[in-house]
Amino acid sequence: MTELLYMDNIEANYIREFDAVVTKSKKDYVVLDQSAFYPEGGGQPSDTGRLTWNDSEAAVTHVAKKGIIKHTLDGDLPSEGMEVHGSLDWERRYAHMQMHTAQHIISGIVYDMHEARTVGNQIHADYSRVDFKPASFTDDDLQVIEAQCNDVVTGDARVTITEEQRSSLEERVNPERCNLDLLPSSIKQLRIVEIESFDICPCAGTHVQRTGEIPRISIIKRESKGKDTERIVYGFA
């Protein structure tokens, strides 16, 4: 099993390079004993970067979690048991961190204002989207949502990552606001991303340490995605 180095706390989300041992080498992918690469999931794309070993290197083009953490490589593959050095495409990763924390802010603001739940999201490095239901936003609504989101950003709130028992979290959150009620009841131990004095949400993604690291949020457009469902597309000004 691969130890995911970014999972433990918010500081670990800033790991850019790491050393690991190859535990499996098959066709076009390898499995490592530990990794700082984020595997695609939860609306967040996988990290990319490079693995180097001896006098060789290969590009990490995709990382997927399919029972095991597969690092797809473009180039030669290191052998099993070999020590490798991993380095992330940091500009891409950091943009995903900013966008993902921004998504939590937008989702929280929209729920507080309209009681619309997040029913889908997709993070990109240059823009992202969130789907809400039930929702029917006006232009004025979007202006207010954007302004309130940026109040949280400029407030430079601290962001933390911890683990918590589901039963404990249920006592201090609105399950609908953070979609806790949609997680399988069999999951008892949760990874919690908390924006100080604003938001608490189970999440396995990567995030920034403070909301002040996020550029000004700009709502680019809204789109209808079916009955009572609207999409907000956002980026950074």
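Given Arg191, Arg172, which one is basic (Lys, Arg) and either open to solvent by less than 50 Å² (accessible area, probe 1.4 Å) or in contact (Cβ under 8 Å) with a residue 40 or more places away in the chain (or both)? It would help to see each step written out before you state the result.
Values: Arg172 fails: either open to solvent by less than 50 Å² (accessible area, probe 1.4 Å) or in contact (Cβ under 8 Å) with a residue 40 or more places away in the chain (or both).
After ruling out the rest, the residue left standing is Arg191.
Test Ser167 against the criterion of being free of Cβ contacts under 8 Å to residues at least 60 places away in the same chain and outside any strand (DSSP E or B), and give yes or no.
Values: free of Cβ contacts under 8 Å to residues at least 60 places away in the same chain: yes; outside any strand (DSSP E or B): yes.
Criteria met by Ser167.
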| task | Please verify whether the stretch 33-50 includes one or more residues that are outside any strand (DSSP E or B), open to solvent by 10 Å² or more (accessible area, probe 1.4 Å), more than 23 Å from Glu213 (Cα to Cα) and among the small types (Gly, Ala, Ser). | result | no
Right, Val144: open to solvent by less than 50 Å² (accessible area, probe 1.4 Å) and β-branched (Val, Ile, Thr) or not? no
Restricted to the stretch 1-32 and to residues being basic (Lys, Arg) and part of a loop (DSSP other than H, G, I, E, B), the residue farthest from Arg93 (Cα to Cα) is Lys27
When the stretch 57-72 is checked residue by residue, the ones that are in contact with a strand residue (DSSP E or B) (Cβ under 9 Å, 6 or more places away or on another chain) and either among the small types (Gly, Ala, Ser) or part of a loop (DSSP other than H, G, I, E, B) (or both) are Ala58, Ala59, Ala64
Given (1) exposed (fewer than 13 other Cβ atoms within 10 Å of the Cβ); (2) in contact with a Phe, Trp or Tyr (Cβ under 9 Å, 6 or more places away or on another chain), Cys178 misses just (1)
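Can you name the residue in the stretch 187-223 that is outside any helix (DSSP H, G or I) and of a type in the set (Ser, Thr, Tyr) and, of all such residues, is farthest from Asp139 (Cα to Cα)? Step through it out loud before you land on a result.
Here is the first cut: in the stretch 187-223, the residues outside any helix (DSSP H, G or I) are 187-210, 214-223.
From the residues that got through so far, the ones that are of a type in the set (Ser, Thr, Tyr) too are 197, 206, 218.
Working: Ser197: 28, Thr206: 31, Ser218: 13 Å.
The qualifying residue farthest from Asp139 (Cα to Cα) is Thr206.
The values are calculated or read from the model by the stated rules, or taken from the named source; none is laboratory data. Bear in mind the structure is a predicted one, so any value in this text is a computation, not a measurement. Don't worry about glycine lacking a Cβ; one is built from the backbone with ideal geometry, like all the others, and counts go over all protein chains shown. The protein model used for the area step is the full one, side chains on, heavy atoms only, and it has no ligands, DNA or RNA in it. Shrake-Rupley method; radii C 1.70, N 1.55, O 1.52, S 1.80 Å.
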